[in-house]
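Asker: Got a structure here, written out as structure tokens. Questions coming.
Where a number appears in this text, it was derived from the coordinates with a stated rule and is not lab data. This structure is a prediction, so every number in the text was calculated from the model and none was measured. Here the Cβ positions follow ideal geometry from the backbone for every residue, glycine too, while neighbour counts run over all protein chains shown.
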Amino acid sequence: QVQVVESGGGLVQAGGSLRLSCVASGGTFSSYDMAWFRQVLGKEREFVALIRWTGGSTRYADSVKGRFTISKDNAKNTVYLQMNNLKPEDTAVYYCAARSRTTYWFALGPDYYDYWGQGTQVTVSS
């Protein structure tokens, strides 16, 4: 059983930056691909960023390419999401998720992730 906990959300002005953290415990951190999703009330959860268990490959939603960066620190069992040039449309609850490293690389939907954090709110004011 793997537990993941997100932190770092908050209120920021448009154009600002925020760094989210996700700490994993209860399993072998390096055995999982880690991802970030976000969800707005009344809408479906959407993919944001993914990092391969090796840390060598990443994928991003088109809406955040060039602005967000996902990274990981195996020594700290932590995944980060650096968010720059934030826009009001980035406002959402952000979730950290883990999936088996054997999962097809292009399977980005939330159904492919086995473990989820509780979420952290990010609000971007205009």
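Asker: Place a point 7 Å from the Cα of W105 along the Cα-to-Cβ direction; which residues of region 55-84 have their backbone N under 15 Å from it?
Answerer: 55-60, by backbone N distance to the label point.
Asker: I've got another one for you. When the Cα centres of region 49-126 and region 1-47 are compared, how far apart do they sit, in Å?
Answerer: 6
Asker: Something else: Using only the C-alpha atoms of the chain, find the volume of their convex hull and express it per residue in Å³.
Answerer: Output value, Cα hull per residue: 95 Å³.
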